[in-house]
Each structure stands twice: as structure tokens, then as C-alpha cells.
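Only one structure is covered here, and it is reproduced in the block below.
The values are calculated or read from the model by the stated rules, or taken from the named source; none is laboratory data. Because the structure is a prediction, the values reported are computed rather than measured. Reconstructed Cβ throughout: ideal geometry from the backbone, glycine too, with neighbour counts over all protein chains shown.
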Amino acid sequence: MDILEAVTGPVGQSLPSGGGDITIVGGMALLPDAGPSGTQVEVNEKPTPAFGQVSTYTVRAGDTLSSIAKMFDVSVGTVLSANDLKRGDALVVGQKLIILPVSGVQYTISKGDTISSISKKYKVDVGEIIGFNGFSSESDVLPIGESIIIPFAETEQKSTTIVPSKKIVNKAHGTGGPDYTGYFIRPVLEELGRKSQGLHGYNGVDIAAKKGTPIIAAAAGEVIVARSGGWNGGYGSYVVIAHGNGTQTLYGHMSSVAVEEGWHVSKGQTIGQVGSTGRSTGSHLHFEIRGAKNPF
């Protein structure tokens, strides 16, 4: 059994606690909480060490998608989406998986359900359901009794199960925490981009800018995620940096990534370029701060 371990920084120092505590599983670390649209899938009301957190996991012998999903108390669809996997894909020992909860509701498939009918019922694009749950096409036969996730669902339906009965809303999470005034700089220079959306998702803001506009590190730190291409739970190409004060910053929808995992970056260093990858409409940067207030 994999055990949640105490958190340590790149050189062994303890990281401060706060709204953005890092979870380490299988020796790998990542940052917490939900996807870019803000609300997370609440599979039950029981708090667990991994509840609502994004983590990474290194596949071991005997692991299955179901067992890993159960370990993190998320759906199989959550694992599939964040790692751009399809149902039936084989896991490889040593493979690193990102567990990235995203917004939506859990739905149990009934007789007669199709991807198209579910799409219409929840007012969600067919492609979202296919991509998030690892289906191949709209014509896939849905397994009766299996639970899937309806990502970014606008309304709750009576046919949902397990999920607490509440409306899914696009509100901000993780907006508390300390105020590190002056610690972070704007990730897109003010003259190159404008804020197009205020706090939403996990303490995130959107900064609209032309595709290819440089994105800079808001503070010095270690790159713990650098994903180029793919859906990645809606973030598209994205970067996550862990900082020395225990916070993390996330940069989503990038058109290109200029850093690699394990790199130490300086404050103001270019880490990539603005784009519109993942779940994005128009060229912009989705910028989150985890563990502290977002000054932007």
C-alpha cells in the first residue's frame, strides 16, 4: 500500500503548510485541487488526504486504473482525462500519472443512454464527454451501471448518484491564505496582456494576450509539472512551479512550454508562450496561485 508521506522541498527542507499543501504519493509530488473551471467532482463527503488535490503517482506492478482512482478517491475518468488516456490503454510500471480533479458531476449509465443523449441532457459538448472519459467516439456502447464524469455540467440531474445534490457552480476555490505582497510578479507583462476574467477555478485569473506572448515565472522555484500537448484535464499545455515559501503557481493553455520538470527557474524567466490549448476560448493565460492570495 502506498503511504502519504511528509512533504519536503527540493533539498529536503519542510515546506510550510497552507491552502496549497503538496501531496506526495509514491515519492512524487504535485499541488492541490481542481481544474480550470473551478468546481470539483465531489464523489462523497468523506475527507481524505487526497480529496480535492492534484497529485502524481508512479505506476507499480499490479496497479490498475480502477485501483489508482480508488486510492485517490476520484473517478477513472479523472485519471484518464488528466493523462490523455483511452479506456483499455495499458499502464506501464514506472509511468507517472497526474491526478487532476476537474469540475462536473458523476453519472451512472442507464439502459438506453448514449453519449449524445447524455450530452444533450447536461448541455455539454459530446467531445468533452468522450475526451474526459476515455471513449473513442460518439458511437461507443456505454457500459450500463458504470459511473462516468460529465465534465463542466451546467445542471444537476436526478439520475446522478453518489454526488451530493447541489448545483455545480463556477466559483473560485483556495482564495484564502497569506498575502505575500511583492512576492509574485505578473506572469504576462501589463503592456502585453489584460486581465479578462477575475478569480475563478482554483484561485485563478485569466490574462488575455496574443498567441506567442511570453509567459514569465511569477516567482523563483522548481518546475514540478511541464506538459506539452494534450487535454490535461482542461489545462492543455501547462506548467506548475513550486516556490520556496510553500506556494505553487500554475500556468495553463500555453501554446508552447520552454521548461522541463526538475528545472529551477528564476523570477521573471520565460517559461513558455500564451496560447489557447485545452478547454479554452481565445488566446489567454490561466494563472493560479495555490497557498496564498492571488494579487492579480
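Where in the stretch 215-292 are there strands (runs of 3 or more DSSP E), lying wholly inside it, with at least 1 residues that are without any contact (Cβ under 8 Å) to a residue 40 or more places away in the chain?
Values: elements: 221-227, 237-243, 248-257, 270-274, 284-290.
The strands (runs of 3 or more DSSP E) meeting that bar are 221-227, 237-243, 248-257.
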Inset, instruction - Could you check G244 against (1) in contact with a strand residue (DSSP E or B) (Cβ under 6 Å, 6 or more places away or on another chain); (2) over 15 Å from N83 (Cβ atoms) and say which number it fails? - result: (1)
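Being crowded, with 18+ Cβ neighbours inside 10 Å, over 18 Å from the mean Cα position of the chain (by Cα) and of a type in the set (G, A, S) is true for just one of G212, G198, G193, G204. Which residue is that?
Numbers: G212 fails: crowded, with 18+ Cβ neighbours inside 10 Å; G198 fails: crowded, with 18+ Cβ neighbours inside 10 Å; G204 fails: over 18 Å from the mean Cα position of the chain (by Cα).
Matching residue, one of G212, G198, G193, G204: G193.
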Inset, instruction - Name every residue in the stretch 77-102 that is among the polar types (S, T, N, Q) and assigned to a helix (DSSP H, G or I), in order of residue number. - result: T78, S81
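State which residue is nearest to G278 (Cα to Cα) when the search covers only the stretch 117-139 and only residues that are in contact with a strand residue (DSSP E or B) (Cβ under 7 Å, 6 or more places away or on another chain) and at pLDDT 80 or above. Write out each step before concluding.
The first filter runs over the stretch 117-139 and keeps only residues in contact with a strand residue (DSSP E or B) (Cβ under 7 Å, 6 or more places away or on another chain), leaving 118, 122, 124, 128-129, 132-133.
Those still in the list that are at pLDDT 80 or above too: 118, 122, 129.
On the way: I118: 22, Y122: 20, I129: 14 Å.
Per the criteria, the residue is I129.
With among the aliphatic types (A, V, I, L, M), outside any helix (DSSP H, G or I) and closer than 19 Å to Y235 by Cβ as the only criterion, which of V74, V105 stands out?
On the way: V105 fails: closer than 19 Å to Y235 by Cβ.
Only one candidate passes the filter, namely V74.
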